[in-house]
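Worksheet: one structure, shown below.
The values are calculated or read from the model by the stated rules, or taken from the named source; none is laboratory data. Just so you know, these numbers come straight off a predicted model, no measurement behind them. FYI the Cβ positions are ideal-geometry reconstructions off the backbone, even for glycines, and counts take in every protein chain you see. The protein model used for the area step is the full one, side chains on, heavy atoms only, and it has no ligands, DNA or RNA in it. Shrake-Rupley method; radii C 1.70, N 1.55, O 1.52, S 1.80 Å.
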Amino acid sequence: CAAAAQAYAERLPGLADLVKAMAIAELEIQGRYDEAEHGFYFEAFAEHMLSADDLARFPDYLVCIPPEHNDAPPNARLLDLLSAGLPLKVLVQTLDLQEDAAIGTGHYAFGVRSARLATTAMGLGGLFVLQSPSSNLVAVQPQLARGMACRGPALFSVYAPRALPGTPLPPYLSAAAAMQSRAFVAFCYDAQAGSNWAERFSLLNNPQPEADWPLETLEYADARLQRVRKACAFTYADFALCDPQQAGHFAVVPRERWNDQMLPVAEWLQLPEDEAARRVPYVLAVNEESRLHRVIVDRPLMQATRRCLLLWHR
């Protein structure tokens, strides 16, 4: 971001000179140039007089921020540059949505800088914002093209995880799980698409957008080998369970210790606070032998799951 801002500032005077020369040439071609009428105006012409139409005749600046540089000081001015209306197209790639909060805060933060970046930028107003996991990029090709072609700044925030040792899911499925669990919602905001939010904002391809969490049917055989069909919500806690680095937030409960005080995470979140304190939230998991287990979730991760649901509602 710092390099793009510096390049823009250094090239702007030359760009203004070129726009002035083109305008004079066009008037001369049409036989309309009059030194007495136009000379004073063009003599005072400077970069601050450039219009959006003038800037639209030149290539925008493509700024790519890889994951390892998301927090680098040269990128601290990202939102300032976007709000200033500079002709930037910014791609921000995120690898990790599950980041621990600062030591001593007592809270579990998830993707604060990454998952909320696009939402914050959207609040700036007149720019184009697209957020999507990598698994959804093919489906949003029209929006990508519109964002690259729009006048003014555009931000593309993409969750594109990499394959890590010990991670059971390939990156494509990890990205899809992030969207499924509302951890990284896909949306598009186009300030030029209309005069109100209904025309500007779109929740792109998010599964079952009318629900808190997507519901899928799980079919399995119980201890008596009887078929059981159960609707299961895929929550942020389920997404976290896919990451071996988050194993410390979970504990497997043997079947003989299952009891009525245990509730699925989605149901636990609907309880009043006093009643929730007497219940234990869990998610379902399958081990290598294809056996179904209940895995209880600790308090910090449940706080993160509740926060994820709140952001989805917003």
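Residue check: is Leu169 part of a loop (DSSP other than H, G, I, E, B), closer than 25 Å to Asp298 by Cβ, modelled with pLDDT under 95 and open to solvent by 60 Å² or more (accessible area, probe 1.4 Å)? Steps first, answer last, please.
Details: part of a loop (DSSP other than H, G, I, E, B): yes; closer than 25 Å to Asp298 by Cβ: yes; modelled with pLDDT under 95: yes; open to solvent by 60 Å² or more (accessible area, probe 1.4 Å): no.
Here the answer is no, as Leu169 does not meet what is asked.
Inspect all residues belonging to the stretch 276-289 and state whether any of them is without any contact (Cβ under 8 Å) to a residue 40 or more places away in the chain, under 24 Å from Ala223 (Cα atoms) and of a type in the set (A, V, I, L, M, F, W, C).
Yes, there is a match, as at least one residue in the stretch 276-289 is without any contact (Cβ under 8 Å) to a residue 40 or more places away in the chain, under 24 Å from Ala223 (Cα atoms) and of a type in the set (A, V, I, L, M, F, W, C).
Against the condition closer than 19 Å to Tyr8 by Cα and within 19 Å of the chain's Cα centre (by Cα), how does Leu95 come out, does it pass? Even if it seems obvious, please write down each step before you answer.
Numbers: closer than 19 Å to Tyr8 by Cα: no; within 19 Å of the chain's Cα centre (by Cα): yes.
Judged against the criteria, Leu95 is not a match.
Would you say Ser135 is in a helix (DSSP H, G or I), open to solvent by less than 50 Å² (accessible area, probe 1.4 Å) and not hydrophobic (A, V, I, L, M, F, W, C)? If you could, list the steps in order and put the result at the bottom.
On the way: in a helix (DSSP H, G or I): yes; open to solvent by less than 50 Å² (accessible area, probe 1.4 Å): yes; not hydrophobic (A, V, I, L, M, F, W, C): yes.
Answer is yes for this residue.
What's the total number of residues in the stretch 153-166 that are part of a loop (DSSP other than H, G, I, E, B) and either open to solvent by 10 Å² or more (accessible area, probe 1.4 Å) or among the basic types (Lys, Arg) (or both)? Write out each step before concluding.
Residues of the stretch 153-166 part of a loop (DSSP other than H, G, I, E, B): 153, 160-166.
From what's left, either open to solvent by 10 Å² or more (accessible area, probe 1.4 Å) or among the basic types (Lys, Arg) (or both): 160-166.
Looking only at that region, the number is 7.
Given the condition within 31 Å of the chain's Cα centre (by Cα) and closer than 20 Å to Gln208 by Cα, answer yes or no: does some residue in the stretch 285-304 qualify?
no
Select from the stretch 13-34 the residues that are open to solvent by 80 Å² or more (accessible area, probe 1.4 Å), closer than 16 Å to Asp53 by Cα and basic (Lys, Arg) and list them in ascending order.
none
For Arg151, all conditions in the list (1) under 20 Å from the mean Cα position of the chain (by Cα); (2) more than 24 Å from Arg294 (Cα to Cα) hold save one; what is the number of the exception?
Failed condition: (1).
Being of a type in the set (A, V, I, L, M), more than 19 Å from Ile65 (Cβ to Cβ) and without any contact (Cβ under 8 Å) to a residue 60 or more places away in the chain narrows it down to one residue among Ala149, Ala139, Ala175; which is it? Break it down stepwise before answering.
Working: Ala139 fails: without any contact (Cβ under 8 Å) to a residue 60 or more places away in the chain; Ala175 fails: more than 19 Å from Ile65 (Cβ to Cβ).
Answer to the selection: Ala149.
Having 2 or more residues that are open to solvent by less than 60 Å² (accessible area, probe 1.4 Å) and in contact with a helix residue (DSSP H, G or I) (Cβ under 8 Å, 6 or more places away or on another chain) is the bar; report the strands (runs of 3 or more DSSP E) wholly within the stretch 199-314 that clear it. Lay out the reasoning, then the answer.
Values: elements: 215-221, 227-233, 250-253, 262-264, 280-286, 292-297.
It comes to 280-286, 292-297.
When both residues are 6+ apart or on different chains and their Cβ atoms are under 8 Å apart, which pairs have a first residue that lies in the stretch 188-210 and is more than 25 Å from Ala233 (Cβ to Cβ), and a second that is open to solvent by less than 20 Å² (accessible area, probe 1.4 Å) and of a type in the set (D, E, K, R)?
Note: pairs meeting the criteria are Arg200/Asp190.
Cβ-Cβ below 7 Å, separation at least six or inter-chain, first residue in the stretch 90-101 and open to solvent by less than 40 Å² (accessible area, probe 1.4 Å) and part of a loop (DSSP other than H, G, I, E, B), second polar (S, T, N, Q) and modelled with pLDDT under 80: which pairs?
Once the first residue is open to solvent by less than 40 Å² (accessible area, probe 1.4 Å) and part of a loop (DSSP other than H, G, I, E, B) and sits in the stretch 90-101, its partners that are polar (S, T, N, Q) and modelled with pLDDT under 80 give Leu97/Ser114.
Condition (residue is of a type in the set (Lys, Arg), open to solvent by less than 20 Å² (accessible area, probe 1.4 Å) and at pLDDT 90 or above) applied to the stretch 145-152: is it met by at least one residue?
no
From the list Leu155, Leu137, Leu127, which one is in contact with a helix residue (DSSP H, G or I) (Cβ under 9 Å, 6 or more places away or on another chain), hydrophobic (A, V, I, L, M, F, W, C), under 18 Å from Asn205 (Cα atoms) and modelled with pLDDT of 90 or more? Let's see the steps before the verdict.
Details: Leu155 fails: under 18 Å from Asn205 (Cα atoms); Leu127 fails: under 18 Å from Asn205 (Cα atoms).
Going through Leu155, Leu137, Leu127 in turn, just one is in contact with a helix residue (DSSP H, G or I) (Cβ under 9 Å, 6 or more places away or on another chain), hydrophobic (A, V, I, L, M, F, W, C), under 18 Å from Asn205 (Cα atoms) and modelled with pLDDT of 90 or more: Leu137.
Could you tell me which residue of the stretch 172-198 is least open to solvent (accessible area, probe 1.4 Å), considering only residues that are assigned to a helix (DSSP H, G or I) and of a type outside the set (A, V, I, L, M)?
Looking at the filtered set, the residue picked out is Ser174.
Checking the structure you have, find out if any residue of the stretch 65-78 is exposed (fewer than 12 other Cβ atoms within 10 Å of the Cβ), modelled with pLDDT of 90 or more and assigned to a helix (DSSP H, G or I).
Looking through the stretch 65-78, none of the residues is exposed (fewer than 12 other Cβ atoms within 10 Å of the Cβ), modelled with pLDDT of 90 or more and assigned to a helix (DSSP H, G or I).
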